[in-house]
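See below for the structure under consideration.
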Amino acid sequence: MRPRPLLPRLLFLAIAAFAAALAVPASSAEYRWAPTGPPNWNAPGSWSPARIAPAATDRLVFDSGTIVSATNVSTQTIGQLVVSNSTQVTFFGNLALNTLTIAGDTGADLEITAGSSVLVAGANALVINLGTGATGSIAGDYRVTAAAHRLQALDVDAIVFAAGGRASAEVNFSGNLFGNGSGPSALNSVRFQAGSTYAQFAGANPFGAGQPSSVVTFAPGSKYQLNGTMAPATSGRTFANFEYNGPGLAVGAGSAACSIDSIVVNAGTLSLELTGPLSLRGSMRVRPGALLNIGPNTGTANYRLNGTATQALIDSSGNPSSNPGINFRRSVTVTLDNPAGIVSDGGTGIITIPGTLEFVQGIATLSLSQALTGTTSGASAATGWVNGRIVSYNMIPSAPTHTFPVGTATSYLPVDLTVNGMTDSISTGALVHSDVAFNPAYFFGSQLDTAQIVTQSWLIGILDTLAWSSFDAVMHFGPGDYGAGADPATFVARKQSYRVGPTTPADFQWRTAPTGVRTATSHQVVGVTRRIPSNTNFNFAVGEPTVVRVSALDGEKLEGVGTLDIRVVLSEGATEPVGVSYETVSGSAEEAVDFAPRSGTFSFAEGDTVRVVHVPTSPDSDPENHETFTVVLSNPFAGIVLDRDVATGTILDDDDVTPPSVTVLAPNGGESILEGASVDLEWLATDDVVVNAVDLYVSRDDGGTYEPIATGLANSGSFSWAATGPLTQLARFKAIAADHHLQLGEDASDAAWAITDATGVEPALPIAFALDLASANPSRGTCRIRYALPRDQHVRLAILDVRGRIVAALRNVDEAAGVHEVAWEGGDVPVGIYFVRIQTEEWTAQRKIARLP
């Protein structure tokens, strides 16, 4: 076989290679913006590497981390556009209308990372279109200004603004930023995710297409920020969070349904005047100086508060009652359809709803003003109520009865009010005080048993002082609102009436309110009137009445010094006048000799709790025991009960100035007592009036320290004591007697005695450090100083004058444990006050002594 010619073979291989090349798509090239001259988009040298042959697959990257601009952006197709690394880039088109098409590749095709931004500016409109399959992910800023620039996509959710991402249609922008839903702009092609924002200073309807169609979707948690005075597109639209920054008036109107999550008005006036239904799913906040109008000027509308989390109505205007920042119009019915309820300024702000507040589900925790025209509907234990105040409801003579749908955070406790004798319209209100922090002290003086009481109280306001005569009210409650065993059939009501204001009269005393019909779940008061004409507020408490008890309390006084006072007290202030009789009765104190007799009757006005029997006493000059008489109560009237009907008055003697005299009889020195054996401790104590009590002590260190044996004994002269250890040869017994003036006299064993066991006396050691004087103080002669050491110590003992100077050094030696005694003769030191000071390694003490002439 002959070989094939070489040339045809090479030609064949070249053709095959070319065909293979046609079958594989060209790979994309990546270019970074790095202009070396003017920042011209179309200049090859503006890119790295140089973009000599632009292709539809090019990936263009701006990542210098600086502020840059690109001019003369022309109509062309690229694969991807990326702005990253906090780069701030501004694009300018080169003709009146330029279209930059992003065809797409792997990953996000238009990517603006967090911290980076794109500004499309200039008078030449620049349209950026994302082709089929291309996507955009924007976590930074995308801003347009000065012309009808567009950012458009062909696929649903193709452009996503992520958390932190922001689109801004700024001053002099015109039209719809994301297109109108036709051609290269698809419906639902742009999505703002939670945490992203669309800020609009200028331009047309942000949704692009006519409702109900939309180019833009606001996901929950995203924000639409209106920064101009153009009319917001509300009719038929669904927003997430809506923020208005003014500065002028913006009106949202229309008849199609609208849905908004939270609303914030920071400046200017936002008026939501839809005649169609409005769904408000979040909170509303109005900053100082701003205004949010809710409801059309004419006609009627229904706006629903129908979120799932608690919705807050936060009026920061500073004076929401007279100049509200959240202004509900009379035309709107506000329907509460949120099981989590609504709150206002944490429950303290006043919200005025002059139309109808309708309850479907949820509790309104707020202070509600209904002005002259407002009303409520649908309130019940199942649907909801007002947890707070209804501060203003207008009642007229032709309709004198109204139910206030009030309650606590957990219970529906309405008030049915009927105003009698109305001659003109009046403003009324009601409030239930919550039982969450039930405080029985609040009901003090109400003469209600706090264990069998309805733990709520009601406030009813009749905010007019002339155009009515009295009112009836039914207060509702449930079995869980009062104590177990309480019987509603026995309930009574107490009232307090007052007027708010520091310069107006107040009367906070609990008084009886006339009872009407009682049921297991309600209590009626009838014919309630004002005790003081200007009183317009009435607190009510309901429960079983307590018994008011009267008691006489003991008293004492020195004889002849003023009066001896016996207090007669009630257990609580009565709600009606009550009284009791009293009389003094002789005891050891004699009537007309030691005291002046007294008798009579006390009347307690409503709320009073104390009266006093003043008994004059007579002086004498004889030392004597204290003397007593009694005050006896009798004949209680108006329902009070005697509790302690006898009180003792004690006339204190003031003539006994001599303390008792005490002599220890046994053991008095030299005795030996077995541990555990019974020994009779004997003493003799006398007084010119009486010895009231005797205390007994024992020392185990020759009088250095003492421990109690018995206290408060009668002066019997003898006490049987079972001798206790530790054993000692240096025991002493001391008796201290007190008279009725608590004057004290004492004596101790003249010498030491022993506590032993069967084998003999153990060595005697003090159990503690002690310093005492073993001689009279003050002293004219030798002063004997005794001290006890429980352990061997180096002892410094000195006498000091009142200035701290040493006048005699008595000891500076090592001494063994035990009781030691030192004598100080005094020498020629002057008469006066001195101090004995002892210092050891472990202890320091000081005693005062006096030298007499």
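The values are calculated or read from the model by the stated rules, or taken from the named source; none is laboratory data. The structure displayed is predicted, hence computed values, not measured ones. A quick note on method: Cβ atoms are made from the backbone with ideal geometry, for glycine too, and the neighbour counts reach across all protein chains shown. These area figures cover heavy atoms from the full protein model, side chains too; ligands, DNA and RNA do not enter into them. Shrake-Rupley method; radii C 1.70, N 1.55, O 1.52, S 1.80 Å.
List of remarks:
- In the stretch 722-745, residue modelled with the lowest pLDDT [restricted to those that are open to solvent by 40 Å² or more (accessible area, probe 1.4 Å) and not in a strand (DSSP E or B)]: His741
- Odd one out for Asn327, checked against (1) at pLDDT below 95; (2) open to solvent by less than 30 Å² (accessible area, probe 1.4 Å): (2)
- Any hit, the stretch 628-649, residues being open to solvent by less than 30 Å² (accessible area, probe 1.4 Å), in a strand (DSSP E or B) and either of a type in the set (Lys, Arg) or farther than 26 Å from Glu559 by Cα (or both): no
- Scanning the stretch 518-534 for residues that are touching a Phe, Trp or Tyr at 6+ places or on another chain (Cβ under 6 Å) and under 18 Å from Thr575 (Cα atoms) yields one hit, Val528.
- Of all residue pairs spaced 6 or more apart or on separate chains, those with beta-carbon atoms under 7 Å, a first member in the stretch 29-42 that is more than 24 Å from Asp105 (Cβ to Cβ) and a second member that is in a strand (DSSP E or B) and open to solvent by less than 50 Å² (accessible area, probe 1.4 Å) are Pro39/Val68; Pro39/Ser69; Pro39/Ala70; Pro39/Thr71; Asn40/Thr71.
- Matching residues in the stretch 36-53 - criterion: being assigned to a strand (DSSP E or B) and open to solvent by 50 Å² or more (accessible area, probe 1.4 Å): Ser48
- For the condition in a strand (DSSP E or B) and among the acidic types (Asp, Glu), Asp680 qualifies.
- Filter pass, Leu789 being in contact (Cβ under 8 Å) with a residue 24 or more places away in the chain, under 30 Å from Asp656 (Cα atoms) and out of contact with any Phe, Trp or Tyr (no Cβ under 6 Å at 6 or more places or on another chain): no
- Residue match in the stretch 64-71 (condition: in a helix (DSSP H, G or I) and at pLDDT 95 or above): no
- Residue count for the stretch 428-442, restricted to those that are touching an Asp or Glu at 6+ places or on another chain (Cβ under 9 Å) and open to solvent by less than 30 Å² (accessible area, probe 1.4 Å): 1
- Flag for Phe719 being surrounded by 19 or more Cβ atoms within 10 Å (Cβ to Cβ), out of contact with any Gly (no Cβ under 6 Å at 6 or more places or on another chain) and in a strand (DSSP E or B): no
- Considering Asp594, Asp654, Asp622, the condition of being exposed (fewer than 13 other Cβ atoms within 10 Å of the Cβ) and touching an Asp or Glu at 6+ places or on another chain (Cβ under 7 Å) is satisfied by Asp622 alone.
- Subset of the stretch 354-380 (residues that are among the hydrophobic types (A, V, I, L, M, F, W, C), part of a loop (DSSP other than H, G, I, E, B) and at pLDDT below 95): Leu366, Ala371, Leu372
- Here Ala267 does not fit the description of being of a type in the set (A, V, I, L, M), part of a loop (DSSP other than H, G, I, E, B), open to solvent by less than 30 Å² (accessible area, probe 1.4 Å) and touching a residue at least 12 places away in the same chain (Cβ under 8 Å).
- When Arg851 is tested against (1) touching a Gly at 6+ places or on another chain (Cβ under 9 Å); (2) under 28 Å from Glu707 (Cβ atoms), just one condition goes unmet, and that condition is (2).
- Among residues of the stretch 447-464 that are within 19 Å of Ala574 (Cβ to Cβ), those with a Cβ under 6 angstrom from a residue that is among the aromatic types (Phe, Trp, Tyr) and surrounded by 19 or more Cβ atoms within 10 Å (Cβ to Cβ), sequence gap 6+ or separate chain, pair up as Thr450/Phe443.
- Taken over the stretch 746-768, the criterion of being open to solvent by 20 Å² or more (accessible area, probe 1.4 Å), modelled with pLDDT of 75 or more and either part of a loop (DSSP other than H, G, I, E, B) or not aliphatic (A, V, I, L, M) (or both) is satisfied by Glu746, Asp747, Asp750, Ala751, Ala752, Asp757, Ala768.
- Being touching a residue at least 40 places away in the same chain (Cβ under 8 Å), open to solvent by 30 Å² or more (accessible area, probe 1.4 Å), under 18 Å from Val83 (Cβ atoms) and touching a strand residue (DSSP E or B) at 6+ places or on another chain (Cβ under 8 Å) is a property that Asp105 has.
- Filtering Gly181, Gly221 for residues that are touching a residue at least 12 places away in the same chain (Cβ under 8 Å), open to solvent by 10 Å² or more (accessible area, probe 1.4 Å), touching a Leu at 6+ places or on another chain (Cβ under 8 Å) and of a type outside the set (Phe, Trp, Tyr) leaves a single hit, Gly181.
- With respect to the stated conditions, Glu707 is modelled with pLDDT of 85 or more, under 22 Å from Ile838 (Cβ atoms) and among the acidic types (Asp, Glu).
- Qualifying residue in the stretch 660-670 (condition: open to solvent by 40 Å² or more (accessible area, probe 1.4 Å), in contact with a Gly (Cβ under 8 Å, 6 or more places away or on another chain) and among the polar types (S, T, N, Q)): yes
- Out of Thr275, Thr333, Thr229, sole residue that is modelled with pLDDT of 95 or more and part of a loop (DSSP other than H, G, I, E, B): Thr275
- Enumeration of residues in the stretch 814-834 that are open to solvent by less than 60 Å² (accessible area, probe 1.4 Å), at pLDDT 85 or above and not aromatic (Phe, Trp, Tyr): Glu815, Ala816, Ala817, His820, Val822, Ala823, Val829, Gly832
- Tabulated pairs, the stretch 808-824, first more than 16 Å from Thr782 (Cα to Cα), second of a type in the set (A, V, I, L, M) and open to solvent by 40 Å² or more (accessible area, probe 1.4 Å), C-beta under 8 angstrom, 6+ apart or interchain: Ala817/Leu765; Gly818/Leu765; Val819/Leu730
- Test: residue in the stretch 275-291 that is in contact with a Lys or Arg (Cβ under 6 Å, 6 or more places away or on another chain) and either open to solvent by 10 Å² or more (accessible area, probe 1.4 Å) or of a type in the set (A, V, I, L, M, F, W, C) (or both): yes
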